[in-house]
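Report on the following structure.
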Amino acid sequence: MLVQSQLIHRVGLTLLMALWAALPASVQAQSKGKGGGQFGSFGFPAAGGAAKNATFEASYELQKGSREGRVRVTASIADGWHMYSVSQPDGGPLPTKFSIQGESVKLAGPFIPDHKPDVSEYDVWPGLPIEEHHGEVTWLAPIELNEDIASEKPSLKLVVDGQVCMTDGACVPVREEIQAGFAGFYGESKRVESFRANKTHAVWTAAIEPAQAKPGESAVLTLTAKIDPGYHVYPFVAGDDETAFRTLIVAKTKSGLKFGEPAADGEIQYDRRLEDEPIAYYAESVQWKIPISIPADAQEGKYPIELLLGFMTCDDRSCDPPNATAISGALMVGSDSQAQPAAMVFAEAKYQEVASAPMLTSWIDDLGGGDKPGQAESPKKAAGLGLELWMVFAALAGGFILNFMPCVLPVIGLKLMSFVNQSGNNHSRVVTLNLSYVAGILSVMLVLAAANVGAKLAGDAFGWGQQFTRIEFQVPMAVLIFAMALSFLGVWEIPIPGFAMSSKSGELMEQEGHGGAFFKGILTTVLATPC
């Protein structure tokens with residue numbers, strides 16, 4: 001009996017709210033004035049009471065050079081309250097609905113939330129999923145300007161219909177008008193069929209096929225890199241947050257569509273010269289195909305899509321600076337046989353925006369497919385377990401040869417003197433002194449590594465030898481090498497740095513104990529840098 005009474009109460013409440021939401025705003029206002037803030041004469045809160053439980057903001061953008069755009073509506077919902085989704089199934093609470101007032105702008109597709117709603121079940125609606133949004137949620141929808149509108153930035157007003165409810169079931173109807181502010185243009189670079197970033201050696205194109213698909217069907221988004229002769233690009237590795245020697249792909253806006261893992265059709269090659277682990281790359285043109293799955297319950301209309309693409313083109317000697325582009329377009333869902341292929345618009349973007357994107361490794365959905373052909377493995381997997389034996393011998397040989405270079409001879413003298421000074425000590429002290437000496441050497445390396453990490457955190461992503469592609473590094477290095485060449489020719493002499501010859505430096509090296517050994521390790525490393 002309790003369940004039946006709750007069911008009757010909920011159904012009656014829903015019907016009353018539906019009738020109230022259907023009334024004109026003027027009638028609602030009059031009812032509010034007469035009823036002292038009550039829902040007519042029924043004793044429920046008035047529609048205006050929703051303002052303190054849910055607030056709305058809206059903005060819209062337009063695509064540069066076209067009549068297309070997108071509108072965003074953000075709802076901030078108070079703690080303990082929730083709104084229902086735009087896709088709430090029939091037979092339960094009222095879904096949230098949006099409409100555009102006026103004739104200057106029209107919707108070109110459905111409103112899609114930026115995250116999925118929470119799904120619950122209640123006894124009053126047995127077996128019916130109840131889709132709820134809590135906290136903050138943003139809906140995105142494509143729009144089109146009517147052809148007879150002359151203004152570049154028309155006025156846009158939306159109406160929100162729905163209800164805001166508490167966890168215990170008390171609901172407040174919502175019917176609110178929102179003025180959407182103009183947020184700017186996107187795709188300002190220009191509408192192009194291909195894109196080449198400045199100082200790079202690859203041309204990028206993008207396309208969505210087929211031009212239109214029905215709910216429950218699929219499409220493919222293709223990214224193509226046409227690489228200049230002698231250059232190459234790096235593979236995309238799904239689920240890997242490594243950014244060096246990678247092409248980075250991020251689906252920033254999916255509009256409720258599901259994106260599968262990109263599959264490349266290029267031939268993977270490996271460079272084993274520079275690293276202990278091989279570096280994979282594509283030396284010829286390559287395509288990445290991204291499968292897109294359309295939900296079976298998707299509404300007809302345009303579904304905006306935004307991608308971020310980060311890449312670097314290199315030859316056998318050096319690399320171009322990392323670059324990025326933002327790609328935007330839309331997939332048409334419906335049955336219009338006259339639909340044209342969706343145009344993709346390129347715009348410049350910052351590489352760090354792609355490399356630090358929060359969805360860098362999490363945007364790929366599980367479409368239930370198997371392995372993708374042509375995918376590059378992570379270099380760690382490709383390298384196998386451990387180092388190859390010849391690499392170990394090559395490293396030892398390099399270290400042995402290094403000891404016979406003239407720049408190392410002063411270092412050998414310093415180390416021999418330290419052995420002489422340690423000859424009268426016991427074995428344990430000799431070991432700890434040498435560990436302190438090694439710690440001094442490693443401290444210099446750690447400082448250099450920290451500088452590299454700091455550069456990355458500041459927005460620069462360095463790869464092997466990449467500093468030689470920067471003019472800020474090339475000019476000082478050219479000056480330094482030229483000065484050293486004149487020194488070798490006898491034009492002048494470059495003395496050992498004063499700090500290395502100072503009395504204070506000598507005191508630090510000659511002092512007994514672990515401090516002296518540590519500083520000697522630092523000075524040894526600094527003096528060996530010409531090697």
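Numerical summary
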item	result
Net length gained if the chain between Val438 and Asp168 were fully extended (0.36 nm per residue, minus Cα distance)	90.5 nm
In nm, spacing of pseudo-spin labels at Asp79 and Gln179 (7 Å Cα→C-beta vector)	3.3 nm
Solvent-accessible ranking of Ser285, Ser443, largest area first, probe 1.4 Å	Ser285, Ser443
Calculated FRET efficiency for the pair Ser155/Met359, C-beta based, R₀ 30 Å, to 0.05	0.35
Sequence ranges 346-354, 100-108, ranked by mean other-Cβ count within 10 angstrom, highest first	346-354, 100-108
For the stretch 99-240: rounded, prolate or oblate by the Cα gyration tensor [a/c cutoff 1.5]	oblate
Cα lying deepest toward the dipole's positive end in the stretch 43-164, options Pro89, Val164, Val124, charges on Cβ	Val164
Virtual paramagnetic centre 7 Å along Cα→Cβ of Ser194, amide N under 18 Å, in the stretch 209-245	222-233
Peptide ranges 471-482, 159-170 listed from the most packed, as the mean C-beta count within 10 angstrom indicates	159-170, 471-482
Spin-label model distance (nm) - Ile481 vs Lys106, 7 Å beyond Cα toward Cβ	6.5 nm
Environment charge of Gly162, counting only residues whose C-beta is closer than 13 Å and scoring Lys/Arg +1, Asp/Glu -1	-2
Mean Cβ neighbour count within 10 Å, used as a protection proxy, ranking 391-404, 83-96 highest first	83-96, 391-404
Length added when fully stretched, Ala211-Ala449, from 0.36 nm per residue minus Cα-Cα	80.7 nm
Estimated inter-spin distance, Thr55 and His427, nm [label 7 Å along Cα→Cβ]	7.5 nm
Solvent accessible area, Å² - Trp363, 1.4 Å probe, full protein context	10 Å²
Cα gyration tensor shape for the stretch 257-307, rounded if a/c is under 1.5, else prolate or oblate	prolate
Per-pair calculated FRET efficiency, R0 = 60 Å: Gln269 and Glu300 via Cβ, rounded to 0.05	0.85
Theoretical gain in end-to-end length, Ser335 to Asp366 [0.36 nm per residue, Cα-Cα removed]	8.5 nm
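The values are calculated or read from the model by the stated rules, or taken from the named source; none is laboratory data. All values reported here derive from a predicted model rather than from experimental measurement. All Cβ positions, even for glycine, are placed from backbone atoms using ideal geometry, and neighbour counts span all protein chains on display. The protein model used for the area step is the full one, side chains on, heavy atoms only, and it has no ligands, DNA or RNA in it. Shrake-Rupley method; radii C 1.70, N 1.55, O 1.52, S 1.80 Å.
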